[in-house]
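Visitor: Next up is a structure, given as C-alpha cells.
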Amino acid sequence: MGAQIRVLKRRIKSVTATKKITRAMEMIAASRIVKAQRKVAASAPYADELTNAVTAVAHSSDVKHPLTTEVERPRRAAVLLITSDRGLAGGYSSNAIKAGEHLTSELVSEGKEVDTYIVGRKGVAYYGFRERAITDSWTGFTDSPTYADAKMIAEPLIEAIERDSDKGGVDELHIVFTEFVSMMTQTPVERRMLPLTFEKSAEESAAVFAKGAQAHALYDFEPTAEKVLDALLPRYVESRIYNALLQAAASKHAATRRAMKSATDNAEELIKSLSRLANAARQAEITQEITEIVGGASALADATAGSDR
C-alpha cells in the first residue's frame, strides 16, 4: 500500500511540473498572437493597395505580360505550402498539409505537373519521410517572419513563372496557408496568386453594365505598361507571401495557445484524479493500520484474560 502511495505522489509531482510548462507556453503564445495580429493589420493596407495598382495596370493596358496572361493549356503549376517549424500546435501543420495535398490532387487531375515549394520544418519532414520531391524549401523563421523572408521565397517562384514550361518554368502559382480568422478559428486556404484573376461581384458587374462604362479609369504609363508590370508584380507576389506568412504565424500561435490550454486543463484533471486515488490509498492504509492495532489489542486482551484464569 505504501509503495502505491509513493508511485501516485511521483506521478502527481511529474504532472504538476508538466502543467507549469504548458501554462507558461500558453501565456507565451498568447503574447505572441497580439504581436502577430498587429503585423497582419499593418501589412494589409500595403498589400491591398498594391493589388489595386496591379489590377488597374492590367485592366487599363493591352500588354500580354507573362504574370497576368492566362496560358491556354497550362501544363505545370507551383504550389507554395506554408507550415510550422515547431510542433505543440494541435493540428495546425497537418491541416495545412491536407489542404496542400487536396490542391495538388486537383491540379494533377487537371493534367498538370506540380512543383512543390515548402515553408516550415513540419512540411519538409512530411514530404521527406514519404520521399516526395520538393523543388525548394525554407525553414527557421515561421514564428516571426520578416519581409526579407518573403522576398527570399518570392524570387525563385517569380523566376519559375517567367520561364517557359518547356524550360522548367511553371504556368500557375498557388499558395496554401492558414488564415487567421479569430482566436478560436484558423482556416487552411488555397489561393492562386499568378496569373492574376480579376473577379467582380454581381453588384459591380450590374453597375458597370448599366452605366456602359469601364470598371477602371484610363491611365497613361511611363515608360511602358509592360515595364510598370515588371516593377509592380514582383512586389505584389512578395507582399502576398508576406501577408500569408504573417497570417500563418498568427494562426500557429493561436493553435499553440489552444493546445497548451487543453494540455493544462488535462493536467489539472489528471492531478485531481491522482490525488483522489492517493487519498483513497492513504485512507485504506490508515484503516488497515487501525484494524491491525485493534486486532492486536484484542488478541493481547484475550491472552491476558486466559493467563489470569
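Visitor: Find the eigenvalues of the gyration tensor of the Cα atoms of the chain, then list the square roots of 5 times those eigenvalues as equivalent ellipsoid semi-axes, largest first, in whole angstrom. Display every interim value, and only then the final one.
Guide: On the way: eigenvalues 859, 82, 49 Å².
Semi-axes, largest first: 66, 20, 16 Å.
Visitor: Taking the chain as a Gaussian network, Cα atoms linked when under 10 Å apart, which of Asn243, Asn95, Asn52 shows the biggest mean-square fluctuation?
Guide: Greatest mean-square fluctuation among the candidates belongs to Asn52.
Visitor: Considering only Thr287, Leu270, Ala17, whose Cα is most displaced toward the positive end of the charge dipole of the chain, charges sitting on Cβ of Lys, Arg (+1) and Asp, Glu (-1)?
Guide: Looking along the dipole axis, the top candidate is Thr287.
Visitor: Putting +1 on Lys and Arg Cβ atoms and -1 on Asp and Glu Cβ atoms, find which of Ile28, Ala44, Val79 reaches farthest to the positive end of the dipole of region 1-119.
Guide: Ile28
Visitor: Report, in deg cm²/dmol and to the nearest 500, the calculated mean residue ellipticity at 222 nm for the chain, where each DSSP H run with n ≥ 4 adds -39500 (n - 2.57) and the sum is divided by the residue count.
Guide: Numbers: 6 runs with 195 residues, N = 309.
Per the formula, -23000 deg cm²/dmol.
Visitor: Across 10 Å bins from 0, what is the distribution of all Cα-Cα pair distances for region 221-292, in whole percents?
Guide: P(r) over region 221-292, rounded to whole percents: 16, 17, 14, 13, 11, 9, 8, 6, 4, 2, 0.
Visitor: Please give the charge dipole size of the chain, origin at the Cα centre, charges +1 on K and R Cβ atoms and -1 on D and E Cβ atoms. Round to the nearest 20 debye. Let's see the in-between values first.
Guide: On the way: 41 positive and 41 negative charges, 375 e Å.
Roughly 1800 debye for the chain.
Visitor: Below 12 angstrom from the Cβ of Ala133, what's the summed charge of the other residues (Lys, Arg +1; Asp, Glu -1)?
Guide: Numbers: positive: Arg130, Arg132; negative: Glu113, Asp115, Glu131, Asp136.
Here the count lands on -2.
Visitor: Please give the contour-minus-distance gain from Thr187 to Arg11: 0.36 nm per residue of separation, less the Cα-Cα distance, rounded to one decimal in nm.
Guide: Numbers: separation 176, 0.36 × 176 = 63.36 nm, distance 3.72 nm.
Gain in length upon complete extension: 59.6 nm.
Visitor: Give the residue from Gly169, Val7, Leu300 lying farthest towards the positive end of the charge dipole for the chain; charges sit on Cβ (+1 for Lys and Arg, -1 for Asp and Glu) and the dipole is referred to the Cα centre.
Guide: In the chain, that residue is Leu300.
Visitor: Summarise the accessible area of region 15-100 (1.4 Å probe, protein heavy atoms) by the percent that is carbon and sulfur.
Guide: On the way: 2620 of 4620 Å².
Carbon plus sulfur share of accessible area: 57 percent.
Visitor: Let me spell out the model: positive unit charges on the Cβ of Lys and Arg, negative unit charges on the Cβ of Asp and Glu, origin at the Cα centre of region 26-92. What dipole size does that give, in debye rounded to 20? Mind showing how you got there, number by number?
Guide: Values: 9 positive and 7 negative charges, 59 e Å.
Dipole size: approximately 280 debye.
Visitor: So, one more: Solvent-accessible area per residue for the chain at a 1.4 Å probe radius, Å²?
Guide: Working: 17630 Å² over 309 residues.
Averaged over the residues of the chain, the accessible area is 57 Å².
Visitor: Determine which residues of region 1-44 fall in the zone a paramagnetic label at Glu292 would reach in this model, i.e. backbone nitrogen under 14 Å from the point 7 Å along Cα→Cβ.
Guide: So the set is 1-4.
Visitor: How fast does region 1-104 diffuse by Stokes-Einstein, in µm²/s, taking the Kirkwood radius from C-alpha pairs at 4 °C and 1.567 mPa s?
Guide: Working: Rh = 19.7 Å.
Using the Kirkwood radius from Cα pairs, D works out to 66 µm²/s.
Visitor: Under a Cβ-Cβ cut-off of 14 Å, what is the net charge of the residues other than Ala281 that fall near it, where Lys and Arg count +1 and Asp and Glu count -1?
Guide: Working: positive: Arg6, Lys9, Arg10, Arg11, Arg276, Arg282; negative: Glu285, Glu289.
In short, +4.
Visitor: Pop the C-beta distance of Tyr46 and Glu131 into the FRET formula with R0 = 51 Å and round what comes out to the nearest 0.05.
Guide: Details: r = 40 Å, r/R0 = 0.78.
It comes to 0.80.
Visitor: I would also like to ask the following. Would you count, across region 1-139, every pair of lysines whose alpha carbons are under 21 angstrom apart, provided the pair is eight or more residues apart or spans two chains? Don't skip to the end; give the middle numbers.
Guide: Numbers: Lys9/Lys19; Lys9/Lys20; Lys98/Lys112; Lys98/Lys122.
Going through region 1-139 pair by pair, I get 4.
Visitor: Still on this model: Show me the ranking of peptides 125-136, 148-159, 289-300 by mean Cβ neighbours inside 10 Å, starting with the highest. Don't skip to the answer; put the middle values down first.
Guide: Details: 125-136: 12.6, 148-159: 17.9, 289-300: 10.1.
So the peptides 125-136, 148-159, 289-300, ranked by packing, come out 148-159, 125-136, 289-300.
Visitor: Have a look at the DSSP beta bridges in the chain and tell me what percent are antiparallel, nearest 5. Walk me through the numbers before you get to the answer.
Guide: On the way: 8 of 23 bridges.
Beta bridges within the chain, antiparallel portion: roughly 35 percent.
Visitor: For region 72-135, give the magnitude of the charge dipole about the Cα centre (Cβ charges: +1 Lys/Arg, -1 Asp/Glu; no others), in debye to the nearest 20. It would help to have the intermediate numbers written out before the result.
Guide: Numbers: 10 positive and 8 negative charges, 34 e Å.
It comes to approximately 160 debye.
The values are calculated or read from the model by the stated rules, or taken from the named source; none is laboratory data. All values derive from a computational prediction rather than experimental measurement. Cβ atoms come from the backbone with ideal geometry, glycine included; neighbour counts cover every protein chain shown. Areas reflect the complete protein model, heavy atoms only, side chains present, ligands, DNA and RNA absent. Shrake-Rupley method; radii C 1.70, N 1.55, O 1.52, S 1.80 Å.
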